[in-house]
Structure formats: structure tokens, C-alpha cells
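What follows is a short report on a single structure.
The values are calculated or read from the model by the stated rules, or taken from the named source; none is laboratory data. Note that the coordinates shown come from a computational prediction; the quantities given were computed from them, not determined experimentally. Every residue, glycine among them, receives a Cβ derived from its backbone with ideal geometry; neighbour counts consider all protein chains shown.
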Amino acid sequence: MGQSNSNFPPNTSNLTVLLPFENLFSNEKLLDMHTYSKMDQQQQSLFVKLEVLWWIITAIFVLGTLYPIYAKVDDNYPFYYPNILFIVVFITFTRLIFLLNYSFLANWEKIKIAMIVCTPILIFYLVNELNYFQTFLDEKGVENFLAQMSIDDRESMRKYITAEMLLFGVGSLIASVILPFRLLMSIWRARNRGTI
């Protein structure tokens with residue numbers, strides 16, 4: 001009896017039994033949760049800054065594209081609003097297709113679903129506006145709003161207007177068709193894999 005049995009631990013009073021939630025509210029855990037919250041706030045702040053930067057870039061791009069038209073045609077150009085819409089949709093949707101992880105939409109599932117539902121309406125509107133532009137060119141021509149220009153300037157401006165409208169119009173349509181599938185894939189990945 002004087003000898004210790006090797007099957008028993010020598011001194012059980014000094015062993016600490018760790019419970020699963022024992023350290024949940026310790027200072028280290030609170031510090032970790034505060035750091036995580038701070039990182040989350042920093043990430044959200046970065047997303048907001050990136051979003052504002054992209055909208056500034058988009059606005060500069062719109063102004064740069066439409067300035068030659070405004071400088072030569074002034075207010076006679078009847079397609080300013082569709083043209084702005086084509087450019088904004090093209091740049092924004094293309095950015096979301098390729099850089100969704102770095103956008104404000106990254107973790108907002110409800111907004112993604114709303115965009116998936118609303119995109120067919122936008123596609124219909126874009127097709128209608130592009131068709132109206134093409135019909136206007138076929139029936140009335142650019143002479144309707146470029147009459148004050150010389151023949152050489154009129155021809156170069158007609159080529160510029162037609163090229164940029166078709167580029168951004170068709171580009172916005174293609175991006176509008178692809179984006180819902182990208183958003184759907186993002187929702188599926190978030191639910192099944194935890195990624196975007």
C-alpha cells in the first residue's frame with residue numbers, strides 16, 4: 001500500500017480540467033473579438049472606399065467619353081441619358097463580374113437576389129434603348145443633330161457616336177446577361193463553401 005499504483009496519476013489535485021467555454025470571456029478572447037470586429041470594420045471601410053473610387057472612375061470615364069459629343073453637338077444630342085446608362089452599366093457590371101470579392105455586394109445575399117430579379121428588366125430597357133438608337137440612325141440619321149458641323153467633322157463625329165454607343169450598348173447588354181449567373185454562383189459558393 002505504501003507504493004503508488006502506476007495506473008493512477010500521481011497527483012490529481014494539481015491537474016486542471018479545461019472546460020470548452022472556460023476561456024470564452026477571458027481578456028484574450030475579448031481582445032480577439034475586438035480585433036476581429038476592428039478588422040471587420042476596416043474591411044467594410046476599405047470596401048466603401050473602393051466603391052467610391054470606382055464610382056469616381058466611372059464618372060470620369062462618362063465625362064471623358066461624352067465630352068467630345070457635348071463640345072461639338074451641345075444639347076442637340078438626344079441620347080445623353082441612354083449613353084450614360086450604357087457606360088455606367090458596362091463599367092459597373094463588368095467590375096462586379098470580375099471583382100465581386102472586393103465590392104460592397106460581397107456578403108449581401110439579399111441585394112444579390114434583388115439584382116438577379118431586376119436584371120431582366122434592365123436588359124429589356126437596354127435592348128429597347130439600343131434599338132431606338134439604331135432606328136434613329138437608320139431613319140433620321142445624324143444630320144438631325146449634326147447639321148451645324150462641316151461635312152468632314154460630321155462624318156468623324158457620326159463614326160465616333162456610332163462606335164461608342166454600340167460598344168457600350170452591346171457591352172452593357174453582355175455584362176447584364178453574365179452578371180446574374182455570377183451573382184448566383186456567388187450565392188451558391190457562400191452557402192456551400194463559405195467563399196464568394
Would you mind telling me which numbered condition in (1) part of a loop (DSSP other than H, G, I, E, B); (2) at pLDDT below 80; (3) of a type outside the set (Ser, Thr, Tyr) MET33 fails?
-> (1)
Identify, from the list LEU166, LEU126, the residue that is under 26 Å from PHE61 (Cα atoms), outside any loop (DSSP other than H, G, I, E, B), free of Cβ contacts under 8 Å to residues at least 40 places away in the same chain and among the hydrophobic types (A, V, I, L, M, F, W, C).
-> LEU166
Checked ILE121, ILE91 against criteria (touching a residue at least 24 places away in the same chain (Cβ under 8 Å) and in a helix (DSSP H, G or I)); the one match is ILE91
Some residue of region 141-149 being on the phi > 0 side of the Ramachandran plot and under 32 Å from the mean Cα position of the chain (by Cα) = no
Report yes if ILE56 is without any contact (Cβ under 8 Å) to a residue 40 or more places away in the chain, farther than 14 Å from ILE161 by Cα and surrounded by fewer than 17 Cβ atoms within 10 Å (Cβ to Cβ), otherwise no.
-> yes
Residues LEU53, LEU66, LEU85: which one is in a helix (DSSP H, G or I), at pLDDT 85 or above and in contact with an Asp or Glu (Cβ under 8 Å, 6 or more places away or on another chain)?
-> LEU85
What number goes with the only condition from (1) out of contact with any helix residue (DSSP H, G or I) (no Cβ under 9 Å at 6 or more places or on another chain); (2) surrounded by 14 or more Cβ atoms within 10 Å (Cβ to Cβ) that GLY194 does not pass?
-> (2)
For ALA106: the one exception among (1) under 30 Å from VAL48 (Cβ atoms); (2) part of a helix (DSSP H, G or I) | (2)
Taking region 129-163 and keeping only residues that are surrounded by fewer than 17 Cβ atoms within 10 Å (Cβ to Cβ) and in a loop (DSSP other than H, G, I, E, B), one is left with LYS140, GLY141, ALA147, GLN148, SER150
Could you tell me whether region 101-113 includes any residue that is modelled with pLDDT under 95, exposed (fewer than 13 other Cβ atoms within 10 Å of the Cβ) and of a type in the set (Asp, Glu)?
-> no
Conditions (1) within 15 Å of ILE174 (Cβ to Cβ); (2) surrounded by fewer than 15 Cβ atoms within 10 Å (Cβ to Cβ) -> LEU122 fails only (2)
